[in-house]
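Undergrad: I have a structure I would like to understand better, so I am pasting it below and will then ask my questions one at a time.
Please treat every number below as a calculation from the coordinates, not as lab data. Please read these numbers as outputs of a predicted model, since none were measured by experiment. Ideal geometry is used to build each Cβ from the backbone, glycine not excepted, and the neighbour counts take in all protein chains shown.
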Amino acid sequence: MPGVFGLELSSVLLLLIVTLCVILLVRSWLEVPQNIPPFPVRPLPIVGHIPHMVDPRRKLMEWRKTTGDLFSVYFGSTLVVVISSYDLLRETLVKQGEYFSHRHVGGILPVLNKPEGIVGSSGEVWKEHRILTLNLLRSFGMGKHEMAENIIEEVSAYLSEISKVSGEPLDPKDLTSRSASNVICRFLIGKRFEYDDPAYARLVEIYENFVDLAKSSGLLHWFPNLKYLPGDLFFHKKLINNFAEFTEFSRKRIQDVINNENQDCKEENFIASYLKEMKKREASGKLTHLSTDNLNLCMSDLLSAGTDTTTTTLLWFYLYMVHYPNVQDKVGPALNYK
Ligand code: HEM
């Protein structure tokens, strides 16, 4: 094949492409936008500040000291503005909430599904679902006596299960998450499950795994195209399968309510109330984002967001109580206070 300076044409082309890429990279590195808060250190091409994020919490606290309460970092090509002080947070999210209430619907969320539901949505879809969910939680007694009664009932089932081990060591993680999730299930579908029900145990395992997978698939958040690499290095396939199994549970429960087959669910529940509200809004002719798909995602959001947080909080509480018996002596009587 004829060439240039004795090089084959294909090598010349490759050299040109590599040179062009290097020029573009250096240019993007030199061209830092001027109208954004300062960087703690200069971002690297393509990866931005990601190489500094081995221990993000510590790094961000360190940069707060050197750069101030407002600074910019790049996660890959995504600009993230870090706000650290109470006053600045209030100024942006409360006083100027109108301009700052939209959320970055990025990361693994679009990799999994459409940006809908509560946790993974923004704008009008998010607003409508957040308001409706809060209203329904309140109408089902959140923060009031009714919800407390449900929780107390669940706590007695939990304590009676713990008492069965009679002094033997116990890892309370699974039992605690099944119990925390039962309180949410009661709100969502109007019933609790027995702790040894295998289908229920699997459900809780799925969304516990989901939270772990979401944490481990960190790079997929900023570089979604990594999902096309062969193998499953960044847990993309595992996440998809896990999420599908998760939403299948909610889909079946919604279908049961639509087919009027949830006879074992005696209590009023989120699914039935959501569907009622959806029909009402559709009949009024007003634009609504309520749909069975969104209902499914809301259920998954509430189950995953509510179970992992409550379980982790309780497990830390137990650990502290074990390590500080003198505090435990004070907490016991305080909890029994009527
Ligand atoms: C100790 C328990 C909990 C902790 C520490 C916790 C913490 C948080 C935090 C820090 C956020 C982000 C705040 C925001 O985006 O506005 C959040 C959001 C959320 N939490 Fe919780 N949470 C707990 C329990 C629950 C429970 C029991 C549920 C469900 C019944 C729940 C459902 C949600 C939902 C749906 C969101 C997303 C809200 C949105 O995107 O607008 N959480 N939670």
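Undergrad: So what's the back-of-envelope 222 nm ellipticity for the chain, counting only DSSP H runs of four-plus at -39500 (n - 2.57) apiece and dividing by all residues, rounded to 500?
TA: Details: 14 runs with 205 residues, N = 338.
About -20000 deg cm²/dmol.
Undergrad: Would you mind giving the three semi-axes, in whole Å and largest first, of the ellipsoid equivalent to the chain according to its Cα gyration tensor?
TA: Working: eigenvalues 394, 143, 109 Å².
After diagonalising the Cα gyration tensor, the semi-axes are 44, 27, 23 Å.
Undergrad: OK, next. For segment 118-182, just run the numbers: alpha carbon Rg, then divide by 2.2 N^0.38 Å, N being how many residues it has.
TA: On the way: Rg = 16.9 Å, N = 65, 2.2 N^0.38 = 10.7 Å.
For segment 118-182, the normalised Cα radius of gyration comes out at 1.58.
Undergrad: I've got another one for you. Report, largest value first, the span of the C-alpha coordinates of segment 185-276 along each principal axis, in whole Å.
TA: For segment 185-276, the Cα spread along each principal axis is 47, 31, 17 Å.
Undergrad: Same structure, new question: In Å and whole numbers, how far do the C-alpha atoms of segment 35-101 stretch along each principal axis, longest first?
TA: Reported extents, whole Å, longest axis first: 34, 23, 20.
Undergrad: Using only Cα positions of segment 41-200, each an equal point scatterer, no hydration layer, compute I(q)/I(0) via Debye at q = 0.12, 0.15, 0.18 Å⁻¹ and quote the log10 values to two decimals.
TA: The Cα Debye sum returns log10 ratios of -0.88, -1.05, -1.12.
Undergrad: Note down the nm distance, to one decimal, between modelled labels 7 Å out along Cα→Cβ at Ala244 and at Asp256.
TA: That separation, rounded to one decimal, is 2.3 nm.
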